[in-house]
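Some notes on the structure that comes next.
Computed from the coordinates by the stated procedures, all read-outs in this text should not be read as laboratory data. All of these numbers come straight from a predicted model, not from anything done at the bench. As a convention, Cβ positions derive from the backbone with ideal geometry for all residues, glycine included, and neighbour counts pool all protein chains shown.
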Amino acid sequence: MEILPGPLLSMINTPADLKKLGKEQLHQVCDELRQYIIDVVSVHGGHFAASLGVVELTTALHYVYNTPYDQLVWDVGHQAYGHKILTGRKDKFPTNRKYGGLSGFPKRSESEYDTFGVGHSSTSISAALGMAMAARYKGEDRKSVAVIGDGSMTAGMAFEAMNHAGVADADVLIILNDNCMSIDPNVGALKEYLTDITTSQTYNKLKDDVWNALGKLPIGKNFTREMASKLEHSIKGMVSKSSNLFEALNIRYFGPIDGHNITKLVDTLQDLRNIPGPKLLHVITVKGKGYELAEKDQTKWHAPGLFDKITGEIYKKKFDTPQPPKYQDVFGHTILEMAEKNDKIFGITPAMPSGSSLKIMMDKMPNRAIDVGICEQHAVTVSAGLATQGMRVFCNIYSSFMQRAYDQVVHDVAIQKLPVVLCLDRAGLVGEDGPTHHGAYDIPYMRCIPNLIVSSPMNESELRNLMYTAQLESTKLPFVIRYPRGEGVMPEWRTELKEVKIGTGRKLKDGEEIAILSLGHPGNFAAAAIREVKQYGINTAHYDMRFVKPLDETMLHEVFSRYDKVITVEDGTVVGGFGSAILEFMAQNGYQAQVKMLGIPDRIVEHGTLKELHRECGYDTQGIVDTIKELMKEKVSVSLMQ
């Protein structure tokens, strides 16, 4: 069924069309835009509540600013669906996050209106400031606007950018979209600080009263903007601490204002457009605005999947038999199980308690399972600090987010040999979130660091055993456990916790002529491929290496002594990854074999379902079958002739 936009929205193909409307028509545009997002996402999936919360803000920005000449930068970008719809991608919006379709995030190669590619948090102010500095240097009257959520403001990069903006003498507007949420509820002192701003009725009422009174006084032309600004500062200083943080950084603070009042937003943005220098507009919004269920449970409706827009029923696949759990849930239940027996275990996550399933432990042990906010660097180093005091810390960070804390892994963990357990969720390809979220690089960037143990489980039981091994007192080094997004393979996954000898793999199947060495979950693809090629008389050996550092050298000596054809399979980049480690071993030990490396190729992989991306990259079951047949083509030919 074709999903059609409302009558006004159907006429808007660019912001130029939006500007042709009267201000009084913008309410209807917002209603139609919100409904169109609900209609499409309910049927096709995607992020949901965040875009609903900024419908009015999005509309006002494109109505007031001269985009794309004026530069609009969205932080993270999962809230930019309305932006995409208003900037020429309305008809393609149902392809959002689908293979070959629109990206779920702003992307420079997709549209001139997407001024900066995003996906991770807290980059918008830095990018917009750089654009503003370039405009000043080139003598252009080009405006730069960064839209950043209060959750993203907790990251150090946002503070670094504001610190620079205050002295850069650049014309940049920071819009603080304050909804008290990132994906999960925000935490930390900044949240309390912003709450103080928004609830300081004394300050807000007095400010309004004073400006209203000034409007009635015959103050004349001698009352300058500078005098008005000094009076405003005096009011703030008398009754509230609300402006101190931003204005201490030399960033003029405006607000807070209602982010769902389109008229107020347009008027305010028009005024701010004419005020030079760095400034911040504090906008209060409701995540999920306009869809009651999303307003009430914003975490659940962040990205709910497909749902019935009338009843709110979220569609879930129904199965006749028990299904495997998600790896993240195995982590969440297992850390709680171990923490109940080991009072030294802590869990740390940078703002992903639901996504990582650490929330399972947080609900039972809030003093030992801690969300530190969007602060990956801090998450690693605070884990290191806990480890110096004998705690066994599981620091759970998505693989692509761990890239932001690399220095801390090297400097604060590895050099000091602190036994922090770094759990890299979403390792490998992640599907519809695309290239900003693919965990493609953690094997190379972790295995090159001395003192690290780097592992990856093939199934749920192996994940439990690696976690159990990592928390033992006998484990003295930092321990990396990488596992993928999505479901495992074991419906009955609550197996007995067993210690794994560090640096040992498992021989799953003996064979002849050819062997597969797999790391992590793709070992299941390999096992299926091995079963399939039996019809050609090919008897393939299979080794689950389990550790990429240290490698099981005893097992590798066996492999290269017996097999002259070897396939490596991994859910990570083949450049410097697991396959490269195998080639290094082979070269260093004087072996010769024909080795084929399967994994993520040396290019940016776009978005799509996991099955589509695994197929594209050639390391799904069929890709492994094809590789085996290629290496064993003589045997395949003989089999087909019989």
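Within straight cross-link reach of LYS629, meaning Cα distance under 25 Å, which lysines are found once same-chain residues fewer than 8 apart are removed?
The qualifying lysines are LYS507, LYS509, LYS534, LYS565, LYS596, LYS611.
Under a straight-distance cross-link criterion of Cα-Cα below 17 Å, which aspartates and glutamates are reachable from LYS296, leaving out those fewer than 8 residues away in the same chain?
ASP178, ASP184, ASP308, GLU313
Restricting to the chain, what percent of DSSP beta bridges are antiparallel, rounded to 5?
On the way: 9 of 65 bridges.
The antiparallel proportion sits near 15 percent.
Summing +1 for each Lys or Arg and -1 for each Asp or Glu, what net charge is found among the other residues whose Cβ lies under 13 Å from the Cβ of VAL29?
Local net charge: 0.
Which order do peptides 288-297, 99-108 fall in by mean Cβ count within 10 Å, highest first?
99-108, 288-297
If each DSSP helix of 4+ residues adds -39,500 (n - 2.57) and the sum is divided by the residues in the chain, what number results at 222 nm, nearest 500 deg cm²/dmol?
Calculated at 222 nm, the ellipticity per residue is -11500 deg cm²/dmol.
Using a cut-off of 19 Å between alpha-carbon atoms, which lysines can reach LYS341, once sequence neighbours fewer than 8 places away in the same chain are excluded?
Qualifying lysines at Cα under 19 Å: LYS359, LYS364, LYS498.
Compute the long axis of helix 460-470 from its Cα atoms, compare it with the longest principal axis of the Cα atoms of the chain, and write down the angle in degrees, 0 to 90, nearest 10.
80
Relative to the longest principal axis of the chain, what angle (0 to 90°, nearest 10) does the C-alpha long axis of helix 523-533 take?
So the inclination is approximately 50 degrees.
Could you rank the peptides 8-15, 37-44 by their average count of other C-beta atoms within 10 Å per residue, with the highest value first? Before the final figure, lay out the partial values.
Details: 8-15: 18.0, 37-44: 20.2.
Order by mean packing, descending: 37-44, 8-15.
Just to be sure I understand: of the beta bridges DSSP finds with both ends in segment 506-641, what percent are antiparallel, rounded to 5?
15
If I fit a long axis through the Cα atoms of helix 201-216 and take the longest principal axis of the Cα atoms of the chain, what angle between them do I get, 0 to 90°, rounded to 10?
Roughly 40 degrees between the two axes.
Taking the Cα centre of the chain as the origin, how large is its charge dipole in debye, to the nearest 20, when only Lys and Arg (+1) and Asp and Glu (-1) carry charge on their Cβ atoms?
420
Rank by packing, highest mean first: peptides 415-424, 312-321, with packing defined as the count of other Cβ atoms within 10 Å averaged across residues.
Numbers: 415-424: 21.9, 312-321: 9.1.
The packing order, highest mean first, is 415-424, 312-321.
Among DSSP beta bridges whose residues both lie in segment 327-482, state the antiparallel percentage, nearest 5.
Expressed as a percentage, antiparallel bridges in segment 327-482 total about 5.
Rounded, prolate or oblate: which one fits segment 523-564, using the alpha carbon gyration tensor with axes a ≥ b ≥ c (rounded when a/c is under 1.5, else prolate when a/b beats b/c, else oblate)?
Oblate shape, in that a/c is at least 1.5 and b/c is the bigger or equal ratio.
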